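In what follows, a single structure is set out as structure tokens and then discussed.
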Amino acid sequence: MPRGCRAPARIAMAAALGSLRGLLLAAGPAARPARPRCCLPPPGTRLLRQSCRRPAGPQPGPEPGQGGLPEGVEYIPTRKKGKNPMKPVGVAWYSLYTRTRLGYLFYQRQVRKARERYPHGHSVSQPCCFSGVKILPIPVLSNNYSYLVIDTSSGRAAAIDPSDPLAVQAAIEKEGVMLEAIFCTHKHWDHSGGNAELCQQHSSCKVYGSALDSIPDLTNPLTDREKVSVGCLTFQALATPGHTVGHMVYVLDGEPFGGPPCLFSGDLLFLSGCGRLFEGSAETMLASLDLAMGLGEDTLLWPGHEYALECLTFASLLELDNPALDQKWRWVMQQRQEKRITCPSTLGEEQTYNPFLRTHRPELHTALGLRQGAGEHPNAFRARVLKEVRRRKDLYKAP
């Protein structure tokens, strides 16, 4: 970095650190989480009774190797030069948020503010039911979604990304079900912050997720394509790195119930969007998105955030003449005016308007001013397209 550019970055980092130190001091010792009870086991280890808690903030996990990722997917560390789109102060903030107690305190403040601002949730939720299964989206924080997935025949349930334990517990009590499992897509506090409190209230509940991602209170590390049963429900975990190195999505098998597959995508895929590349390259994210899209067009998409209107508005700047995009935008606009949720969509729908899934489309190439190079592999070119769409989305400011 040129010498003249270092001072502003250092000043910004110092300001961020100062703000977070203030949070820590103001919170006092009582707000600081207890130390973890044990360290995370090597990837692939199955734990049945041992609890691996990490409430003190994300700890640097074992250095991921190729063995823990899908074949052909490369691990790109956050700090690798040229691979992270974040500015220096953003990199500093991300490290603080994911690796220290300061991040946990910031998450707690987010929860308190969201509860005050949205006492009934940021959106009006609508359950989705088919024979034997009930999926209840739970609006949490300012734009997150947790999910309660219920086997109605046994009354057993699984929670996906329970970031606000009070909201999730309220849904559990209202439905009168037993929480048997928590499926965590990744380590970020806005997806994992409720694990500890819910486990305290439900002693038999297990926490599932990737061993590569330092997920708090992880009890049962999962490997790629491993299956877990909750009552009569079967979930399959798919390793989808890119947003974080250990990001996983969960697919509910709907066939035994006469329903479609259900993809709980965390921060991999949103309605007309995808997650930021915090810990992976465009090539990594492309492989993960392609894996998800292989689930079939009828698969229901249940994302981790309510980003639909912002993402569709951004997509409309890239494809000015896309009837499917325009139609979806109008529907989402109506939904959001009434504060209604916009999920689920289907993977088939997403292919018609989500720019992150249209990296093969000539109209998108033209809009971005990109051409495939002579001898360039099609997937290498698609990754370059994805990288450019992601760069523009990172810079985009919603109106």
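Separation of the alpha carbons by more than 27 angstrom is noted, of Lys113/Lys174; Lys134/Lys339; Lys134/Lys227; Lys113/Lys206, for Lys113/Lys206. What's the center-to-center distance, using Cα atoms, between region 189-250 and region 330-351 in Å? After rounding, the separation between the Cα centres reads 27 Å. Given R0 = 25 Å, the distance between the Cβ atoms of Arg371 and Asp394 translates into a calculated FRET efficiency of 0.65.
Can you give me the distance in nm between label points at Lys113 and Asp290, each placed 7 Å from the Cα along the Cα-to-Cβ direction? According to this spin-label approximation, the distance is 3.9 nm. Label-to-label distance for Glu297 and Arg225 is 2.5 nm, based on points extended 7 Å past Cα in the beta-carbon direction. Cβ-Cβ distance of Asn379 and Ser154, R₀ of 45 Å, FRET efficiency by 1/(1 + (r/R0)^6): the value works out to about 0.55.
Spin-label model, Asp326/Gln201: points 7 Å from Cα along the beta carbon direction are separated by 4.7 nm.
In a shell of Cβ-Cβ distance under 9 Å around Asn144, excluding Asn144 itself, what net charge do Lys and Arg (+1) and Asp and Glu (-1) give?
On the way: positive: none; negative: Asp161, Asp164, Asp190, Glu306.
Its environment carries a net charge of -4.
Based on Cα contacts under 8 Å between residues 6+ apart, region 117-395 shows a relative contact order of 13 percent.
Counting only Cα atoms, region 117-395 measures 58, 39, 38 Å along its principal axes, largest extent leading.
Using the 10 angstrom Cβ neighbour count as an exposure proxy, how do Lys393, Lys339, Lys187, Lys174 rank, fewest first? Write down the numbers at each step before the final one.
Values: Lys393 20, Lys339 14, Lys187 27, Lys174 10.
Ascending Cβ contact count within 10 Å gives the list Lys174, Lys339, Lys393, Lys187.
Close amide H pairs (under 5 Å, H built 1.01 Å from N) link Gly266 with Gly304, residues at least 5 positions away or on another chain.
Every read-out reported here was derived from the displayed coordinates using simple, explicitly stated rules and does not represent laboratory data. A quick note: this is a predicted structure, and the numbers were derived from the prediction, not measured. Methodologically, a virtual Cβ is constructed for each residue, glycine included, from the backbone with ideal geometry; neighbour enumeration extends over all protein chains shown.
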